Structures are given as structure tokens and as C-alpha cells.
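Working notes, structure below.
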Amino acid sequence: MRKELYVFRDRKPMKAEIRNYREADFAELIRIQRESFPPPFPEELLWNEEQLYNHVKRFPEGALCAMADGRIVGSVTGLLIGSEQSGTAHSWQEVTDAGYIRNHNPSGDTLYIADICVSPEYRKTGLGKWLMQSMYEVVVHLRLRRLLGGGRMPGYADAAAAFAETKEAGFLSAEQYLESVMKGERSDPVISFLLRCGRTPVGVVPDYLEDEESMNYAALMEWKNPFWNGGNQ
């Protein structure tokens, strides 16, 4: 894949490009990961070169990056999984093979998002949404049933702490937090972004990822291919 487009930065059009990433991009991709996921996000969950090598060799169609100002400023990575892997009872480590995607199933009908990130400097330009849109295009191109992935809920820990201070013996569950975001009572940096991208929640997953801000929870969210015809060519 390779496409050129314009996004807006400070109300000014900016030329950008989305393409498949390759081995020569690994150092830049690792830099973007560090910029996008600072502590307390666990450093060991950031991409390493072996993982990135697997991405470009096992499923290059699902390894995309965004470029602006002559450099990589974002990326998104996925793998194909079968229906037996896509239930709500899974962790990020299990479904992505800890990011190494050696379990990529070329016959799978679901594109699972392992990661999406945009450098903080280029957020609010629309590049994150364009990266997700590009993955929807991969789903349509490969005639897959849907796109799926777990969305972090980085606002959950603070919301739960604030809730506990105002309610006697009360606790805000992850399901309640997600519902409050869906009702517009709260905004979550990741979940609200995914909703704007067209993703729909299908459940809450406990112990999905070591993530203090999300209290290890994630919202499993999908995008259904509107052109899918049951697997018939």
C-alpha cells in the first residue's frame, strides 16, 4: 500500500503518506513507540527489531506507517486470526504472540490490531484516523469479515479513584466506565478516538495488558466489513 493525502496541522494543510513499513524503517518505528508510550507504560511492551522483522515478513499488508515532514510519525500493525481466537477471553500477549505474530493465520477472517501509535507532535492532525482507515481498506481488499482489537482505557484508573472518593464503598467497574464513555459522560483518549474511527465495543477484557492507567482492562472493539459476503469470492 502507498497513498498520499493531506491532513491539517494548526489549520494548515500538510502533505502526508501512508505506506507499508520495511526493515530500513525499524529504528524510526522504535523511536515513535518510545515517544507515543512514555512511562508508566511498560518499556518491554515497545516494539523490538525481531518483532518488526516478523511483521514485515509474515504479514506485510498489516504493517503500515504514516510519514510527514520527511519522516515516520506513526504506525499501525496487525495480524490475521481465526474465529477461535477472537473471543473476549484473551490477552494481548496471547492473541499477538507477545507482538511477534508467529501465530499469524493466513486463512483467518479477522484482522486483529496489535498496535497503533502516532507521535505526540502529530496528534490531532487526523493521521491516527487515517492509519485506522487504511487498515479498513486492507480488510476490504483481503475480503475479511472484520477488524478487531483491544482498546486501552487510559482514563479508567483516574476515574475509578475519583469515583471511590465520592461514593461510600463504591467501585466503578470497567464496564461502567466504558458505558459512561459511550453515553458521552466521559471522554477517554483511546476509546473516544476508536469510536470516532468507526469502531464498536463488543466487550470488556480483564488482564488484557499490563497497563496501570487502564487497570489492565481493555475494550474489545470491532469494525465489520460492509462488503463481506460470508467468505464467498
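Since every read-out is calculated from the coordinates, none of them should be taken as a lab result. What you are looking at is a predicted structure, and each value in this text was computed from that prediction instead of being measured. Quick reminder, even Gly has a Cβ in these numbers, built from the backbone with ideal geometry, and neighbours come from all protein chains shown.
The local environment of residue 222, defined by Cβ-Cβ distances under 9 Å, has a net charge of +3 under the rule Lys, Arg +1 and Asp, Glu -1. Here's the picture: a label point sits 7 Å out from the Cα of residue 166 along the beta-carbon direction, and within region 177-213 the residues with their amide nitrogen under 12 Å of it are 185-186. Residues in region 109-114 carry Karplus couplings, in order, of 9, 10, 8, 9, 7, 7 Hz; the curve used is 6.51 cos²θ - 1.76 cosθ + 1.60 with θ = phi - 60°, and Gly or Pro positions show x. Of the residues 154, 78, 125, the one whose Cα sits farthest towards the positive end of the charge dipole of the chain is 125 (charges of +1 on Lys and Arg Cβ, -1 on Asp and Glu Cβ, taken about the Cα centre).
The angle between the Cα long axis of helix 26-36 and the main principal axis of the chain comes to about 20°, on a 0 to 90 degree scale.
Which residue, 40, 60, 206, tops the fluctuation ranking in a GNM of the chain built on C-alpha contacts under 10 Å? Per the Cα network of the chain with a 10 Å cutoff, 40 tops the list. Charging the Cβ of each Asp and Glu at -1 and of each Lys and Arg at +1, and nothing else, the dipole of region 184-233 about its Cα centre rounds to 480 debye.
For region 129-140, putting each phi into the Karplus relation 6.51 cos²θ - 1.76 cosθ + 1.60 with θ = phi - 60° gives couplings of 5, 5, 4, 5, 4, 5, 5, 4, 5, 4, 4, 5 Hz, in residue order, rounded to whole numbers and with x for Gly and Pro. Amide hydrogen proximity for residue 149: with H placed 1.01 Å from N in the peptide plane, the residues at 5 or more positions away or on another chain lying under 5 Å are 113, 221. The value of relative contact order for the chain, using C-alpha pairs under 8 Å at least six residues apart, is 19 percent. Magnitude of the charge dipole for the chain, about its Cα centre and with charges confined to Cβ atoms of Lys, Arg (+1) and Asp, Glu (-1), is about 1280 debye. Here is how the number arises for the chain: DSSP H runs of 4 or more residues each give -39500 (n - 2.57), the sum is divided by the residue count, and the result at 222 nm is -8500 deg cm²/dmol. For region 65-82, 3J(HN,Hα) computed residue by residue from phi via the Karplus equation (6.51, -1.76, 1.60; θ = phi - 60°) reads 10, 10, 10, 7, 6, x, 8, 6, 10, x, 7, 9, 9, x, 8, 9, 10, x Hz, glycine and proline entered as x. Too long at a 20 Å Cα-Cα cut-off: which of 12/129; 129/224; 124/224; 57/124; 3/129; 3/224? Listed pairs above 20 Å: 124/224; 57/124; 3/224.
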